[in-house]
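Presented below is the structure to which this report refers.
The values are calculated or read from the model by the stated rules, or taken from the named source; none is laboratory data. Quick caveat: nothing in here was measured; it's all calculated off a predicted structure. As a convention, Cβ positions derive from the backbone with ideal geometry for all residues, glycine included, and neighbour counts pool all protein chains shown. Each accessible area value is taken on the protein alone, full model and side chains, heavy atoms only, with ligands, DNA and RNA left out. Shrake-Rupley method; radii C 1.70, N 1.55, O 1.52, S 1.80 Å.
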Amino acid sequence: MRVFVLGGTGSIGSAVVQELIRRGHDVLALARSDVSAAKSGEAGATPVLGDIAAPEPWTQRLPPVDAVIHMACDFGTAMGAIDRRLLDVLLPALAAQPNKPRFIYTGGCWLFGATGDAIATEATPFRPLPAFAWNLQRVLEATEVDGIVIHPAMVYAGAGGVFQRLARDAVERDAVRVVASERVRWPLVHSEDLAVLYALALEGAPARSSYIGAAIDGLAVGRIARAFADRFGTRLSEPRIISPDAIAAELGEWARGYALDQRLSGAKARWELGWDPRHLDPEAEIAALP
Ligand SMILES: NC(=O)c1ccc[n+]([C@@H]2O[C@H](COP(=O)([O-])OP(=O)(O)OC[C@H]3O[C@@H](n4cnc5c(N)ncnc54)[C@H](OP(=O)(O)O)[C@@H]3O)[C@@H](O)[C@H]2O)c1
C-alpha cells in the first residue's frame, strides 16, 4: 500500500516506518524540517515537507495514497487545538482522493485515566487528562476516510522512549526519580511490537475500530526504576518519589500522566488482528542493556 505517515521520525513513528518498509509498503513521511526529512529519507521513506500546525499548503498537494497514519504531536500546550485544526483541513482533503483512504489515528493509554486494579479495554469510557483532548470521535465517525484508532501503552525500546528519563536518572543522579509512588503501574509496549500492531491494523482492521496496544497490562514503575538503578550501579537502588506537580513543572502538563496507575488489555488486538507481541520482560531487557 502507499502510506502517508505523520510523525514518522518519533519514538512510535520511526518504528512504524521501519516495519511498513520491511513489509513492502511505499511510505511517504511528513517532515517539518530538513533534519526530519533527512531522517525519513535514510529510513527509506519519501519526505513531504510540511507542518501539522500549518496543514493547508501540504494537504492541497497530496499525491494519491491508500492510507494515512497519524502519529505526530509536539506535546506543546496547543497540541489539542493543533490536532483539531489538522483534522478539519486534512480529512476534507482526503475526501478528494481517488479511493477512500484508511486513516489510522493515535490515541493513548492516558486517555483512560487511572484504572487501579481494573483492566481497561476498548469499551472502557475515557477519563483523559485535560492536556490530551484528542479527537477520537471525529476520526471514528469520519465519512471522508475509514478511521481506525490505536491506543499505545507506554512505549519503550532499550533505554529509550518512556524509559529514557529513568535511564538518564540512573546514570546522572544518585537515585531514579519516580512520580507519585513506586506502586504506580504502567501498561507497556516495545516500539517494535507496537509497529507490528499499526501494520496489522493498516492491512486488516475494520473501519471504525479501536485497539489498545498493550503487551504488558501494567508493571509497577518502581520495578522498572530499580532495574535501571541495578543495571547502571546507581548509588541508591530505592527510587526517589517526586510529585506530579514537580514533573509537570519540569516537562509540561502532559507529564502528569506518569502518575497514573493503569492496567490496560491488549487482548482485542491479539484476538482480532493476530497481534503477538514478543517483548514481554522489560526488566530482563534492562538488565541486558549494553
Ligand atoms: N510514546 C508513548 O509512550 C505514547 C503512548 C501513547 C500515546 N502516544 C501518542 O503518540 C503520539 C506520538 O508520540 P511519540 O512518543 O512517538 O512522540 P515523539 O517521539 O515526540 O514524536 C513526535 C513526532 O511528531 C513530529 N512532529 C511534532 N510536531 C510536528 C509538527 N508541528 N509538524 C510535523 N511533525 C511534527 C515529530 O517530528 P520531528 O522529527 O520534526 O520532531 C516526530 O516525528 C502522540 O500523540 C502521543 O500522545 C505516545
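Descriptive notes on the structure:
- Scan of region 203-217 for residues that are assigned to a strand (DSSP E or B) and either free of Cβ contacts under 8 Å to residues at least 40 places away in the same chain or surrounded by fewer than 24 Cβ atoms within 10 Å (Cβ to Cβ) (or both), ordered by number: S209, S210, I216, D217
- Given (1) part of a loop (DSSP other than H, G, I, E, B); (2) more than 10 Å from the ligand (Cβ to nearest atom); (3) closer than 25 Å to M154 by Cβ; (4) modelled with pLDDT of 95 or more, index of the condition T77 fails: (4)
- Filter pass, R256 being open to solvent by 10 Å² or more (accessible area, probe 1.4 Å), of a type in the set (D, E, K, R) and within 24 Å of A287 (Cβ to Cβ): no
- Candidates are the residues of region 1-23 that are assigned to a strand (DSSP E or B) and away from the ligand (no atom under 14 Å from the Cβ); the one that is surrounded by the most Cβ atoms within 10 Å (Cβ to Cβ) is V3.
- Filtered by the rule that a residue be open to solvent by 50 Å² or more (accessible area, probe 1.4 Å) and away from the ligand (no atom under 15 Å from the Cβ), region 47-68 gives Q60, R61, P64, D66.
- Hey, R138 at pLDDT 95 or above, farther than 26 Å from R23 by Cβ, more than 13 Å from the ligand (Cβ to nearest atom) and assigned to a helix (DSSP H, G or I) or not: no
- Region 26-46, residues that are near the ligand (Cβ under 10 Å from one of its atoms) and in a strand (DSSP E or B): A29, L30, A31
- Any chance A180 is touching a Pro at 6+ places or on another chain (Cβ under 7 Å), of a type in the set (G, A, S) and open to solvent by 10 Å² or more (accessible area, probe 1.4 Å): yes
- None of I216, I224, I247 is touching a strand residue (DSSP E or B) at 6+ places or on another chain (Cβ under 8 Å), β-branched (V, I, T), farther than 29 Å from G76 by Cβ and at pLDDT 95 or above except I216.
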